[in-house]
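Below is one structure, written out as structure tokens; the observations come after it.
The values are calculated or read from the model by the stated rules, or taken from the named source; none is laboratory data. Owing to the predicted nature of the structure, the values given are computational and were not obtained by experimental measurement. Heads up, the Cβs are rebuilt from the backbone with ideal geometry, glycines too, and the neighbour counts pull from every protein chain shown. SASA here: full protein model, heavy atoms, side chains in, ligands and nucleic acids out. Shrake-Rupley method; radii C 1.70, N 1.55, O 1.52, S 1.80 Å.
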Amino acid sequence: MPDVVLGIETSCDETSAAVLVRDGARPELASLVILSQDIHAVFGGVVPELASRAHVTAIGPVVERALDQAGVPLSAVDAVAVTAGPGLIGSLLVGVCYAKGLVAASGKTLIGVHHLEAHVFAPTLEHPDLEPPFVALIVSGGHTLLLDVPEWGRYRVLGETRDDAAGEAFDKVASMLELGYPGGPHVEALAESGTDRFDLPRPMLAEGFDFSFSGLKTAVLYTVRGSARLDADRADIAASFQAAAFDVLTAKTRAALEHTGYRTAVLGGGVACSRTLARRMAERLEGVARVVVAQPRLNADNAAMIARAGWFHLERGERSDHYLDADARMPWPGLERPPVPSGATG
Ligand code: KG4
Ligand code: ZN
């Protein structure tokens, strides 16, 4: 049973460290430091080598600051939880090597964590009463997953994207509209002043639980190309795209709740930073389920969720040995896929 866990996250372009400290039976967040790498904005996307190099420079100071802010010396840490995958391999290797160095020098316990499982755990840091069963919608720059979570540690895939991830679609649409990177927050801000007046498709809306965003993205491209006054249309295109994407996400989450009979929906991943998504989900699920979503800094990539998922595995008596490796395509422990093509049956 750990009392103090240090979390480390370097899977993409955020260098992050966090400390969780036991408070009774539960872990409480004592500190969270996130250093976002601004350099990628100029390139309109993450440049892997630059990300790895930036992690190498930042990881030491970020971990030190997290320990300082928590008021916890390294000697008081019981275990180090680190993202082992999935993600950019060069970025993952920095965190994994740093964590292994720390535990080799100090004799602490090591636990490798799956980044997406950590996104499911993130909301529990703010809502410690959250317990399965629930439906989880994990929407990030790389994944769009609708999960049946019957108990902690077991995740059944109900649906996933067949092409682009939801966040990726936001990033691409932002680039078509000549907005900054990452695109989600820019699209959300611009959509505030726009109207959903372009008739964009809601791909696969009534077809099972899988998602598809590439057709919607192409429809946005044609709308942008067909616009004679893009400056005047930009906000309305952003609002129409966001409405279409969120219609699909909220409708499928509702269908998943009706299918499972669960009364709770959990949102996680970078796209769950969108206050608009949280609001629309709550409207769509009124009377069906409660929506649990954490504040943005816990939905974007962060080490607090890594420490929290690590805490769960440590409590189950699991630990990683010194052969722990980073894996860009790490399989998700506890994830079950349906044997038949996924889709609603009821
Ligand atoms: O989970 P995350 O921080 O990194 C990955 O593991 O991918 O997710 C990043 C994604 C980006 O695609 C970004 O555009 C999207 O989350 N995102 C948003 C918003 N904030 C971030 N998408 C829509 N609306 C937002 N407000
Ligand atoms: Zn993520």
Net charge contributed by nearby residues that have their C-beta within less than 14 Å of residue 24 (K/R +1, D/E -1): -3
Accessible area in square angstrom per residue, the chain, 1.4 angstrom probe: 42 Å²
Would you calculate, for the chain, the mean residue ellipticity at 222 nm contributed by helices, counting each DSSP H stretch of 4 or more residues as -39,500 (n - 2.57) and dividing by all residues, to the nearest 500? -13000 deg cm²/dmol
Amide H of residue 211: which non-local residues (sequence gap of 5 or more, or other chain) have their own amide H closer than 5 Å, using H built in the peptide plane? 160, 161, 162
Could you look at the chain and say what percent of its accessible area is carbon and sulfur, using a 1.4 Å probe and all protein chains? 52 percent
The FRET efficiency for residue 230 and residue 64, from their Cβ-Cβ distance with R0 = 45 Å and rounded to 0.05, is 0.45
Counting Lys +1, Arg +1, Asp -1, Glu -1, what net charge surrounds residue 251 among other residues with beta carbon under 13 Å of its beta carbon? 0
Taking the 0 to 90 degree range and rounding to the nearest ten, how far is the long axis of helix 275-284 tilted relative to the main principal axis of the chain, both from C-alpha atoms? 70 degrees
Taking Rh as the Kirkwood radius, which is the inverse of the mean 1/r over Cα pairs, what is the Rg/Rh value for the range 175-330? 1.05
